[in-house]
Amino acid sequence: MRLVILDDYDLASEWAAKYIRNRIIQFKPSADKYFTLGLPTGSTPLGCYRKLIEYHKNGDLSFKYVKTFNMDEYVGLPRDHPESYHSYMWENFFKHIDIQPQNAHILDGNAPDLQAECDAFERKITEAGGIELFVGGIGPDGHIAFNEPGSSLVSRTRVKTLAKDTILANARFFGNDLSKVPTMTLTVGVGTVMDAREVMILITGAHKAFALYKAIEEGVNHMWTVSAFQQHPHTIFVCDEDATLELRVKTVKYFKGLMHVHNQLVEPTHSIKDYKD
């Protein structure tokens, strides 16, 4: 497990974006070999998405041969609703890059048979060859995707009822009207994300500090689902200084001492221009 600690949100977002960029380019995706990328929503990944868009517009990165699978979607919210995760992804990322629409997979929260939709999503991931890199964020209670506290750590994509704390946290996106906040979602399972060949989890802000502490310094616990990734062979936690406030000083010092090694993953930053004949 790697813990990458940057000074602030912008630097953490840039490091994560550079890592994704290098992984895609070094994979050398083609029509016969797509790079598969798992993606989150929420406020944390926005800075990373902005940097990836910048790299694309500068001609350094292409998503033409990338397939994406999003973590979750609300049940019953129209696809074109401004707070749906379809809207989020297209507004904040997909419409600014060269991904093919058919390669951007997002769960359909309005499907007539929700469990069948979840099962089909798992099949699509398998048919795509599995996820190469799954990027995730977490909530203050340590949930990844919508795998709320108490979720099975071997769970698959399924219908999930949201915890009260999550509904309250999401109310700000719905005019603080609790009656408008969806109470159910479709979400990938912890096991779905664990199956990825690599997982990168973005954790920023002091309000996520206790969750990072639980993820890093305590044992695996289904009440803090992000802690499961201690057992993944290739996990990178990318955080800012504020998110480390609950960690022991010696833990922070240990991982900061490894930054010269971690930075070799993003330096040099590769470009598709380097690979053109």
Residue selected from the stretch 44-75 under the condition in contact with a Ser or Thr (Cβ under 9 Å, 6 or more places away or on another chain) and open to solvent by 50 Å² or more (accessible area, probe 1.4 Å), by the criterion nearest to N110 (Cα to Cα): K67
Residue tally, condition within 18 Å of the chain's Cα centre (by Cα) and either open to solvent by less than 20 Å² (accessible area, probe 1.4 Å) or free of Cβ contacts under 8 Å to residues at least 40 places away in the same chain (or both), over the stretch 230-265: 11
Selection from the stretch 93-109 of residues that are over 15 Å from A120 (Cβ atoms) and assigned to a helix (DSSP H, G or I): F94, K95, H96, P101, N103
Checklist (1) modelled with pLDDT under 95; (2) in contact with a helix residue (DSSP H, G or I) (Cβ under 7 Å, 6 or more places away or on another chain) applied to D60, failing item: (1)
Candidate set: the stretch 177-193, residues that are outside any loop (DSSP other than H, G, I, E, B) and among the aliphatic types (A, V, I, L, M); chosen: the one modelled with the lowest pLDDT: L178
Neighbours by Cβ (under 6 Å, 6+ apart or cross-chain): first from the stretch 44-64, among the β-branched types (V, I, T); second part of a helix (DSSP H, G or I): I53/H96
Residue match in the stretch 163-176 (condition: outside any helix (DSSP H, G or I), surrounded by fewer than 18 Cβ atoms within 10 Å (Cβ to Cβ) and either in contact (Cβ under 8 Å) with a residue 24 or more places away in the chain or under 19 Å from the mean Cα position of the chain (by Cα) (or both)): no
Restricting the stretch 184-229 to residues that are within 30 Å of T126 (Cβ to Cβ) and without any contact (Cβ under 8 Å) to a residue 60 or more places away in the chain, the residue that is farthest from the chain's Cα centre (by Cα): N221
Only listed residue being β-branched (V, I, T) and not in a helix (DSSP H, G or I), chosen from T251, T269: T269
Check on H105, surrounded by fewer than 21 Cβ atoms within 10 Å (Cβ to Cβ) and under 15 Å from the mean Cα position of the chain (by Cα): yes
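Does P140 qualify as being part of a loop (DSSP other than H, G, I, E, B), touching a helix residue (DSSP H, G or I) at 6+ places or on another chain (Cβ under 6 Å) and closer than 24 Å to A215 by Cβ? Even if it seems obvious, please write down each step before you answer.
Values: part of a loop (DSSP other than H, G, I, E, B): yes; touching a helix residue (DSSP H, G or I) at 6+ places or on another chain (Cβ under 6 Å): yes; closer than 24 Å to A215 by Cβ: yes.
Yes.
The values are calculated or read from the model by the stated rules, or taken from the named source; none is laboratory data. As the structure is a prediction and not an experimental result, all values here were calculated from the model. Cβ sites come from the backbone with ideal geometry, for glycine too, and all protein chains shown count toward neighbours. The protein model used for the area step is the full one, side chains on, heavy atoms only, and it has no ligands, DNA or RNA in it. Shrake-Rupley method; radii C 1.70, N 1.55, O 1.52, S 1.80 Å.
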